[in-house]
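All remarks here apply to the structure that follows.
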Amino acid sequence: MNPFYRASEPNEDSKQPRKRPSFFNKILTGKSRSASPSASPPPVVPEPQSSSEQYGDENTDERPIKLHGYKPNTKRRLMDEELANNIRNLMPPRLQLYDDWDLVYDFEQDGISLNTLYRNSNPEYQLQKQKNEKQSKGYGDGVVKSMIVGDIQSSTTTSFYGLERKRPQGYVMVIQDEKRNKFGCYLNTNLRAVDNKRYYGNGECFLWKLEKYDASKLNHEKDSKKVPKHKPRYESRFKAFMYTGMNDNIIFSNHDFIAIGSSNGQNGLWIDKSLYKGVSYPCTTFGNEILNLHNSDSSTKLGTFKVIDLEVWRVGALE
């Protein structure tokens with residue numbers, strides 16, 4: 001052996017053993033034993049689907065409204081599902097969730113009386129009536145529980161009637177006159193006799209009417225001579241008049257009349273204390289048309305009517 005021969009010392013890298021990648025490093029880098037040296041393409045991430053694609057369109061459909069309160073022998077019924085849906089679409093979103101509407105006042109079932117209308121529209125009276133109905137059906141335990149809760153609420157409440165309403169409520173008035181015109185209003189609170197000569201209600205209120213029109217005149221022919229003549233075929237369409245913000249004269253009611261909307265001493269809807277005579281003017285509160293007239297009567301400045309039937313509905317739970 002050559003005495004001058006000297007073995008080359010290994011460098012520092014060769015001294016340390018090569019580390020194998022850990023299992024987690026393989027996952028993070030996307031490498032495995034069977035992976036090829038070339039970089040593998042990133043995994044394909046599927047695009048998120050919308051809720052309608054996952055579950056269908058059934059969640060977007062409106063749930064049907066259930067009308068409660070008509071007696072089996074009630075002949076005149078002003079409210080129907082189509083009208084209720086049209087009104088619900090313009091109500092505050094928090095009230096659109098309620099599918100159950102309750103009839104609180106009706107000419108045929110409750111008699112014609114302004115005081116009865118105010119009494120039945122009182123949520124405290126409605127709650128007590130609901131308790132009595134449950135008690136008559138044998139729900140004694142539920143009545144006792146509700147009475148205890150009611151006592152606790154009445155001691156801490158600050159509401160107008162001494163009743164703390166946990167859930168929102170709205171009220172719909174439907175009127176039919178002697179010409180079978182149908183119109184009314186939506187109110188954010190119940191009607192009541194107010195003696196302080198002040199208006200109440202908020203901008204959620206609106207007036208509405210079902211306008212009659214001749215459907216046989218709806219055509220798209222340019223040459224009227226080619227259009228065959230048809231007999232008038234009258235149908236109705238829903239029209240609403242929302243709060244404009246021009247004034248705050250929304251609701252005024254006492255023992256002599258009910259007035260909804262007012263400007264220059266003229267009301268959008270006015271009914272006397274007998275619940276028989278009424279009048280409708282255009283008013284700036286709602287920018288409304290005359291409720292009991294139609295397009296053909298647009299030249300008229302006011303509309304007087306006689307109330308043949310009237311209903312008041314509550315939307316929202318009492319407790």
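Modelled spin-label separation between GLU235 and GLN128, with each label point placed 7 Å from Cα along the Cα-to-Cβ direction: 4.8 nm. One chain, two ends: LYS179 and SER216. Fully extended at 0.36 nm per residue, the span grows by 11.2 nm beyond their Cα-Cα distance. At full extension, LYS273 and LYS301 could sit 7.7 nm farther apart than now, given 0.36 nm per residue minus the alpha carbon distance. Extension gain, GLU319-ASP248: 0.36 nm per intervening residue step, less the Cα-Cα distance, totals 22.6 nm. Taking Lys and Arg as +1 and Asp and Glu as -1, the other residues whose beta-carbon sits under 14 Å from that of LYS71 total -3. Protection proxy ranking, highest mean first, for peptides 233-245, 260-272, 71-83: 260-272, 233-245, 71-83, where packing is the per-residue count of other beta-carbon atoms within 10 Å, averaged.
No lab work stands behind these numbers, since they all come straight from the coordinates. Because the structure is predicted, anything quoted here is derived from the model rather than measured. Virtual Cβ from ideal backbone geometry, glycine too; neighbours counted across all protein chains shown.
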